[in-house]
Amino acid sequence: MATDTAVGAQSKSEEVLSLAADKARSYVRGAGERRVGPSEAAVIALAELHEPFPLSPCDAMAVIKRLDEIGSAATVATTGGRYFGFVNGGMVPAALAANWLAGAWNQNAALRVMSPIAAELEEVVLRWVCEALGLPPECSGGLVTCATMANFTALVTARHALLARSGWDVVADGVFGAPPIEVVVGGEVHASMLKALSLAGFGRKRVTIVEADGQGRIRADKLPRLSDQTIVCIQAGNVNTGAFDPAVEVCKAAREQGAWVHVDGAFGLWARISPKYEHLTQGFDQADSWATDAHKWPNVGYDSGIAIVRDGSALRASMGITAAYLEPGSLREPMHHTPEASRRARGVESWAALKSLGRSGLRALIERTCAHAQRFAQGLKEGGLEVLNDVVINQVLVSFGRPEVTREVIRRIQEDGTCWCGGTVWQGKTAMRISVSSWATTETDVDRSLQAIIRIANHCRSM
C-alpha cells in the first residue's frame, strides 16, 4: 500500500512539473509581445489571493493553474526587451534553465558537505568574476542576495579590519566603546549604500558627504582628511547618469593615508570587461572591496549579489560561524563568507550565465545595451526632448518640461504598456530614467518604445 502511494505521488509530481514547465515556456514565448506593466484588471484580480488559510490540502495541479492564471498576468515583463524602469537585467536562457534545475536540486549552500556542487560552483563563479572585472586574483568573496547585502558584507569586513588596526576585536567586544571610524561618501551615494551603512552601525548622520559634480561623480578635490580609520565609498555607475567616480584620484589619496576604499559597483563595474568602456573604470581595481549584482548586466536573474574583498582573512573573521556541530573543513566553506548561513545555491544560475556568455558574449551584451541607450538618447533629442545627462553607458535621463508634465508622461507611459520607465529627481530636476540592461532588448524594441514615448510626450505637452 505504501509503495502504491509513493508511486502515485511520484507520478503526480511529474505531472505537476510538466504543467509548470509548459506554463513557464508559454510565459517566456509571450514576454516579448505582452504589455510590459500589468493591466489594472490584473492587479485588481490579486485580491482573490487573499483568502483564509486552507483547512485541507489543495490539488497541486489546481494550485499551479491558479498561480499562472492570476500571477502571470500580474507580473512586470522584465524578461522581455522593453523594460527600462530600473537597472533590472533579463535572464539569459542558460540561467533560466539552470534555475529550474537548481530548484529541483533544492540545495543548501551553507556548507560543502550539504552541497558539494553548490560550494564548488560558488568558488568558480567568484574566480570568474574577478577575472572578468580585472580584480586581484587573491580576493575572497561570497554570493548574497543583492548589492545592498554585498555592500553590507564589505562594510562589516572593513569595520573589522580597521578596528583590528587599533587593537579592537569587534567580533568579541562589539561596537560599544570601539574607536570611531570615519565614513566618506559622495553627494549622490545610492540609497542602498546608506542602508548598508546604517545596518553596519555607522549611522547615516555620522557619514561625511562630499560634493558631487554635474554628473553625480564625487569630487576628489573635496575629500576630507583621511586616515587609517576611514572608509571611503565610491560608485562605479551612478544610478541616474551612469557616471563613474574618479577612482584613480580617490584610491591614491586613500592609499597614502591607509584608508579603506569600497566600491558600490552594482551594475557599472561590469563595464570593465569592455575595451570600449574600460577607460571609465580606471583605478577601481585599486580598491579594497567591491559590491556588484549578477542579476543586473550579466542577466543571471534574481537574486544574485556578489561581495568581493581583497583581505580574505578579514572577510572570514567577520562572517565566520563557530558551533560544535559545524566542523570546519580544509576547503572553502561558503557560509563563512556571507551574512547568511542556510541559503539557496544561487551560484548555479551565475555559473550557467557566465559559462554560456563567456567573455565575448558578456562584452557584447554590455556594448549592445549601451548602444541601445545611445539610440534612445538620439531619438529623444530628435523628438525635441531634453536629455539631462551625458550618456556614458546604459542610463538615460529625459525631461518633458515642467515637473507635473514629466510625471504625467511617466504615468501614461506605464499605463500604455508599450514599455516601462520610471521617474526620478536628479539634481533638483524631475526626470524619467531609461535603464537598458536586458540581453533581450533589440533595436526594434527601442524604436517601438521611442515612438510610444514621443507620442505620449507630445500629447501631454499639448494639453
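Values in this text are rule-based calculations from the coordinates and carry no lab data. Since the structure is predicted, the reported quantities are computational estimates derived from the model, not experimental observations. When we count neighbours, we look across all protein chains shown, and the Cβ atoms used for this are built from the backbone with ideal geometry, even at glycine.
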Take the chain, mark every one of the GluC sites (Glu not before Pro) that falls in a DSSP loop and has at most 16 other Cβ within 10 Å, then report the longest stretch left between them, sites excluded. 212-463
I'd like the trypsin sites (Lys or Arg not before Pro) in the range 254-290 restricted to DSSP loop residues with at most 14 other Cβ atoms within 10 Å, sorted by number. 276
Could you grab the relative contact order for the chain? Cα pairs under 8 Å, six or more apart, rounded to a whole percent. 22
Furthest towards positive pole of dipole, 243, 292, 305, structure part the range 99-353, Cβ charges: 243
Can you flag which of 23/355; 65/195; 195/276 are past 28 Å Cα-Cα? 65/195; 195/276
What is the distance in Å between the Cα centres of the range 224-259 and the range 311-371? 25
Relative contact order [Cα under 8 Å, 6+ residues apart], the range 99-353, whole percent: 30
Cross-link reach list, lysines versus residue 252, counting only Cα pairs under 23 Å and skipping chain neighbours closer than eight places: 222
What is the dipole size for the range 99-353, taken about its Cα centre, with +1 at each Lys and Arg Cβ and -1 at each Asp and Glu Cβ, in debye to the nearest 20? 360
Rounded, prolate or oblate (a/c below 1.5 giving rounded, otherwise prolate when a/b exceeds b/c) for the range 99-353 by Cα gyration tensor: oblate
Below 8 Å, C-alpha to C-alpha, sequence gap of six or more: please give me the relative contact order for the range 366-462 in percent. 31
Beyond 18 Å, what percent of the Cα pairs of the range 311-407 remain? 69
Gain in length, residue 198 to residue 454, computed as 0.36 nm per residue apart minus the alpha-carbon separation, to one decimal in nm? 88.1 nm
What list do you get for 46, 331, 55, 223 if you sort them by fewest beta carbons within 10 Å? 55, 331, 46, 223
Per its Cα gyration tensor (rounded if a/c is under 1.5, else prolate when a/b beats b/c, else oblate), the range 89-149 is best filed as oblate
Residue-span extension gain [residue 175 to residue 282] - 0.36 nm each, minus C-alpha spacing: 35.0 nm
Work out how much length residue 97 to residue 69 would gain on full extension: take 0.36 nm times their residue separation and subtract the Cα-Cα distance, in nm to one decimal. 7.9 nm
Under a point-charge model restricted to the Cβ atoms of Lys and Arg (+1) and Asp and Glu (-1), what is the dipole moment magnitude of the chain relative to its Cα centre, in debye to the nearest 20? 820
Shape call for the chain from the C-alpha gyration tensor, a ≥ b ≥ c root eigenvalues: rounded (a/c under 1.5), prolate (a/b greater than b/c) or oblate? oblate
Select from 347, 395, 74 the residue farthest towards the positive end of the dipole of the chain; place +1 on Cβ of Lys and Arg, -1 on Cβ of Asp and Glu, and compute about the Cα centre. 395
The value for the range 1-134 (convex hull of the alpha-carbon atoms, volume per residue, Å³) is 179
